[in-house]
Structures are given as structure tokens and as C-alpha cells.
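J.: Pasting a structure here, questions to come.
Each reported figure results from applying straightforward, stated rules to the coordinates on display, with no laboratory input. The model shown is predicted, which means the values in this text are computed figures rather than measured ones. Counting neighbours? That spans all protein chains shown, and the Cβs are built from the backbone with ideal geometry, glycine included.
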Amino acid sequence: MIDPQLRGPGVWIRRVMSAHSERRLRMLSKVVGVVAPLARIGASRTMRVEEMRVDRGDGTTLRVLVYGPLTPGEATTGVLWLHGGGYFLGKPEQDVAVYRRMIADTGCVIVAPDYRLSVDQPYPAALDDGYAALLWLRDNVIRLGVREDQLVVAGESAGGGLTAALTLLARDRGEVNVAFQMPIYPMLDDRVSTASARDNDAPLLDTVTLISAWRLYLRELQGGSDVPVYAAPSRAVDLRGLPPTFTYVGELEPFRDETAAYAEALRKVGVPVEFEVYPGCWHGFDRLVPRAQVSRRAMRSRTRWFRDAAATYFAPQPGSRRDLA
């Protein structure tokens, strides 16, 4: 049963935003690519906003947006934020409302990369861009006013999946330590085989759209047994050493079961985890219907956990004095 405050918006969203075919995914990607940056208008009145360029090492650069308090204070938490959009659409500007709330509530600094989308370049382009942005955050903590021992990775939907992938990659490469992660309703499992993912017709994200999104992201890897864990983190069997984690999902969305399995697997290896399921909610409910009571509850929970984590979890960088002590 859909939450009463989500029922009406859900009907409209199902009609307007169902993507289904790859052709429609590509069309939606173009539309959002034009519209999403408009959300940045006026952001500088409430936040410090900078646009930077990060060298990819291949002659091209990655556009990165930096958001922070208008009046910087002491060194604060640095957040690498990864936007959602099924890997096929989206811009960092689309999450300005999230940045504004996080900065107002916690005083953090947010680095948001404009990572390459699957309609242009499939895996591992988005992963490579996310990792490049994470290293850039690590290397610019003084300039950004960020604590070097409290770098965080967070994101929603595909950005949540990319969050989980990047913390795996960071652990395995040993070049940067992540203090905690927040993969919100994350896109983790390319197999689309859980009970919640199969035959799902919920608003915004349904089974057909999800399969199309994975196909665009993985291309020739789709359906194979050798899909890398950095593409589909649900395939990872060793989650030891990953950072403390907060995540939640809607009860009705395709990602419910894979997120529950991910959270349980983290718990089994001793990673602190907080996992919540919101009854009657479809994918992205809190962003698309932010005034619903359940959306407000989810956002309050997210803020509370972030504040608690920022007071609790630290991860000195490799080679730092604190790391060597």
C-alpha cells in the first residue's frame, strides 16, 4: 500500500517519468542535462559555490562543484556527493536542495563531480571520475577547509551504488581512507533478481527501467558472471574494512532487498550499520515529495546519523602523522 501522501504524486510520476526503453533513457538524459543545471540559480545566496576542474590524466578534465558555508569556520567534514539518475542521467546541480540542507545542518563542505554518464561512456567511466574526485578532495583538504581524517562518500540511487563501489575501491587501493559512507537507496545489484526487483511496477523506478539502466552502464558485461564488484557492489563477497554505513530504502522500490542484504553483510563482518525501510514508499520518495511526513522523517534520520557519525568516526589518511602513530 502506497503512503497516502505519496499516492497522488506517484500516479503522475509513473505517467511522466517511466523510462523503460534505452531510447527513452537517452532522451531523458538530454532533457535533464539541460534542465538540472538551472537548479544552481540562486544557490550562491545561501552557500559558497565554486566550479573546479580536475585533471583526469588523459588530457581531459572533470568538472567538480564545491559547496560550503558562506562563512567558513574550523575544518569540517568533507563530503564527496554523487548524484543519482541510474548512471544514465543527472547533473550535480540537481541536488542543490540536499547540499543546502546538509550545509545548514552540519557545516560540511561538499564536492560534487559531474561524472560521465552511461549514455556517453559505460562503466568504468563514472567510477573513475568519482575516484578522481575523491583523491582531489583528499589532496585539497586545507584549501577546502576540510578535516583530512573525515572524508565521507555519499549519494542517492546510482550515486548510492557509486558510493558503495568507491568505498570498496578506496579500501582495496589504500590511497585514501573514508570515515563513513551514506549510500541512500543504492543501485547495487545488476542481476535484478531479488523479490523486490522482479516484476516491480512502482513509480519512478520499475523493473523494466532498471534493466535498461544496467544494460547502458555495463554494455557487453551485462548478464555475465564476471561483472566487477566496483560496477555492482552486491557481487562483493569481502566487505571487511569498509566504513560505518547509513542507508535507507522505500518499502516498495526495487532496491529494497539488495540494500537489506548489503547492510546485513556489512553487519556480519563488524561494520557499524544503520539501515531503515520506510513503509509505503517508492524510490526517491523523499526527494520528489519532500513535504510528505515520511519524507521529513527520512531526512531527519539522515541528518541525525550524519551528525552522530561526524562526532564519532574518523579515518586518518595513509601516511599522515596520526595514521602512523
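J.: Enumerate the calculated ³J(HN,Hα) couplings along the range 145-162 in order (Karplus 6.51 cos²θ - 1.76 cosθ + 1.60, θ = phi - 60°), each rounded to whole Hz, writing x wherever the residue is Gly or Pro.
T.: Per-residue couplings from phi come out as x, 10, 6, 6, 9, 9, 9, 10, 10, 8, x, 10, 6, 4, x, x, x, 5 Hz.
J.: Mind checking the full-extension length gain between LEU70 and ASP58? Use 0.36 nm per residue of separation minus the Cα-Cα distance, one decimal, nm.
T.: Using 0.36 nm per residue and subtracting the Cα-Cα distance, I get 0.9 nm.
J.: Using just the alpha carbons, could you tell me how many Å³ per residue the convex hull of the chain encloses?
T.: Convex hull of Cα atoms, per residue: 131 Å³.
J.: For VAL146, enumerate residues with amide H under 5 Å from its amide H, sequence gap 5+ or separate chain, H modeled in the peptide plane.
T.: THR76
J.: Tell me the mean residue ellipticity at 222 nm calculated for the chain from its helices only (DSSP H runs of n ≥ 4, each -39500 (n - 2.57), averaged over every residue, nearest 500).
T.: Counting only the DSSP helices, I get -12000 deg cm²/dmol.
J.: Stretch ARG100-VAL269 to full length: gain in nm at 0.36 nm per residue minus the Cα-Cα span?
T.: 57.4 nm
J.: In debye, nearest 20, what is the charge dipole magnitude of the chain about its Cα centre with +1 on Lys and Arg Cβ and -1 on Asp and Glu Cβ, if you could check?
T.: Dipole size: approximately 820 debye.
J.: Continuing with this model, one more query. What does the charge count near SER234 come to, summing +1 for each Lys or Arg and -1 for each Asp or Glu among other residues with Cβ under 11 Å from its Cβ?
T.: -2
J.: Also: Given Cβ point charges of +1 (Lys, Arg) and -1 (Asp, Glu) and nothing else, what value in debye, to the nearest 20, does the dipole of the range 218-316 about its Cα centre take?
T.: That gives the range 218-316 a dipole magnitude of about 500 debye.
J.: Please report the antiparallel percentage of DSSP beta bridges with both residues in the chain, rounded to the nearest 5.
T.: 35 percent
J.: If I model a spin label as a point 7 Å beyond the Cα along the Cα-Cβ vector, how far apart are those points for GLN222 and ASP172 in nm?
T.: About 2.3 nm, to one decimal.
J.: For the range 101-157 and the range 255-325, compute the distance between their C-alpha centroids and round to whole Å.
T.: The distance from the Cα centre of the range 101-157 to that of the range 255-325 comes to 16 Å.
J.: Only Lys, Arg, Asp and Glu count, each charged at its Cβ (+1, +1, -1, -1), so figure out the dipole size of the range 1-136 about its Cα centre, rounded to 20 debye.
T.: My answer is approximately 700 debye.
J.: May I pose another question? Specify which residue in the list ILE41, LEU205, VAL64 is farthest towards the positive end of the charge dipole of the chain, using unit charges on the beta carbon of Lys, Arg (+1) and Asp, Glu (-1), about the Cα centre.
T.: ILE41
J.: Now a separate question. Based on other C-beta atoms within 10 Å, arrange ILE184, ILE2, ILE142 from fewest to most.
T.: ILE142, ILE2, ILE184
J.: Which trypsin sites (Lys or Arg not before Pro) does the range 24-129 hold that lie in a coil by DSSP with at most 14 other beta carbons within 10 Å?
T.: Sparse-neighbourhood loop trypsin sites (Lys or Arg not before Pro): ARG56.
J.: With θ set to phi - 60° and the Karplus curve 6.51 cos²θ - 1.76 cosθ + 1.60, what are the ³J(HN,Hα) couplings of the range 194-211 in order, to the nearest whole Hz, using x for Gly and Pro?
T.: Going residue by residue, I get 6, 4, 6, 7, 6, 6, 9, 10, 6, x, 6, 10, 10, 4, 5, 5, 4, 4 Hz, with x marking Gly and Pro.
J.: Work out the FRET efficiency for THR312 and ILE41 from their Cβ-Cβ distance, taking R0 = 30 Å, and round it to the nearest 0.05.
T.: 0.25
J.: Would you order MET102, MET52, MET47, MET187 from fewest to most other beta-carbon atoms within 10 Å of each residue's own beta-carbon?
T.: In increasing order of surrounding Cβ atoms, one gets MET52, MET47, MET102, MET187.
J.: I would also like to ask the following. Identify the trypsin sites (Lys or Arg not before Pro) of the range 239-289 meeting these criteria: DSSP loop state and at most 10 other C-beta atoms within 10 Å of the C-beta.
T.: ARG240
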